[in-house]
Amino acid sequence: MIFMFSSCTEENSEQEDACIATVNGETITEEEYEYFRKKYKSQVLNECLEKFKTEYTEDFWQTEFDGVTPEEILHDRVIKECVMAKIQLMLMKEEGIFEDISFEGLKLKAETFNSENENKEGVVGIKSIQMSQFYSYYLQTGIMELQNIYADGKLKPTDKEIEEKISEMTKELSSYSEQDYESIAKSRLKSEKYEKYINELYEKAEIKEF
């Protein structure tokens, strides 16, 4: 992975205050960063308290444990989550799942959805999207659609992969029909092959932090 540190380009001057990083040229904004920071702050806090056998203090986030501070651990996790999200959103755009993959674009999409369904009755599916979780909602629903597209295309499992997965499963599962084994095997392969593909893209990504 390539990490490059510089200032925002002139082309992005209008977004300079909001631009904190890019992945393969796609902007990651401060809002995206703060979204994931709020999501993972408590998790990192609890992990560090347990791992370093310490108690919370006012300077906890800036205290160094084994050569690293909790603030640095949180930052690294947040940046990775931002990058992983953006990589997948770019793929969703390529497949026509979303037109606008910016944080603001998805936020507007959620607000529009909520406004249009506010007074509707008999709506099939969800009636509103929690604005505190809209980014995760679109990311998760997009991933499911992307996995389905890839499972029938570039990541479609081969007969050999399916047979090997069924053989692997018979050692841990029982009382399933041959058809059930094949269905479960395909489902697992869909997730496993997708996860491997995304991790490979992450490793090759060009990431610039500003």
| remark: Classified through the alpha carbon gyration tensor (a ≥ b ≥ c as square roots of its eigenvalues; rounded if a/c is under 1.5, else prolate when a/b is larger than b/c, else oblate), segment 99-163 comes out prolate
| remark: If one builds a Gaussian network model of the chain from Cα atoms under 10 Å apart, the most fluctuating residue listed among Glu71, Glu195, Glu121 is Glu121
| When only DSSP loop residues count, what trypsin sites (Lys or Arg not before Pro) in segment 102-201 have their Cβ near at most 14 other Cβ atoms within 10 Å? | Lys120, Lys127, Lys154, Lys171
| remark: Counting only protein heavy atoms and rolling a 1.4 Å probe, one gets per residue an accessible area for segment 124-164 in Å² of 65
| request: Could you calculate the contour length gain from Glu72 to Lys196, that is, 0.36 nm times the residue separation minus the distance between their Cα atoms, to one decimal place in nm? | output: 42.0 nm
| message | Report, in listed order, any pair from Lys80/Lys193; Lys93/Lys154; Lys120/Lys190 with a Cα-Cα distance greater than 28 Å. | response | Lys120/Lys190
| query | Which of these, Phe134, Phe65, Phe36, has the largest mean-square fluctuation under a Gaussian network model of the chain (Cα springs below 10 Å)? | reply | Phe65
| Excluding ligands, DNA and RNA, what is the solvent-accessible area per residue of segment 23-107 at a probe of 1.4 Å, expressed in Å²? | 55
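Where the accessible area of segment 95-172 is counted over protein heavy atoms with a 1.4 Å probe, how much of it, in %, is carbon and sulfur? Each step should come with its number before you reach the end.
Numbers: 2400 of 5180 Å².
Accessible surface attributable to carbon and sulfur in segment 95-172 totals 46 percent.
Average projected area of the Cα convex hull of segment 105-210, in nm²?
11.1
Which pairs in the list Lys39/Lys86; Lys41/Lys86; Lys39/Lys171 are over 27 Å apart, alpha-carbon to alpha-carbon?
Where the Cα-Cα span goes over 27 Å, the pairs concerned are Lys39/Lys171.
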| task | May I ask you to give the percent of accessible area on segment 36-85 that is carbon plus sulfur, with a probe radius of 1.4 Å? | result | 45
| task | Could you work out which residue, out of Met84, Met144, Met92, moves most in a Gaussian network model of the chain, that is, has the largest mean-square fluctuation with Cα springs under 10 Å? | result | Met144
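The values are calculated or read from the model by the stated rules, or taken from the named source; none is laboratory data. Note that the structure is predicted; figures quoted are calculated from it, not measured. A quick note on method: Cβ atoms are made from the backbone with ideal geometry, for glycine too, and the neighbour counts reach across all protein chains shown. What goes into the accessible areas is simple: the full protein's heavy atoms, side chains included, and nothing from ligands, DNA or RNA. Shrake-Rupley method; radii C 1.70, N 1.55, O 1.52, S 1.80 Å.
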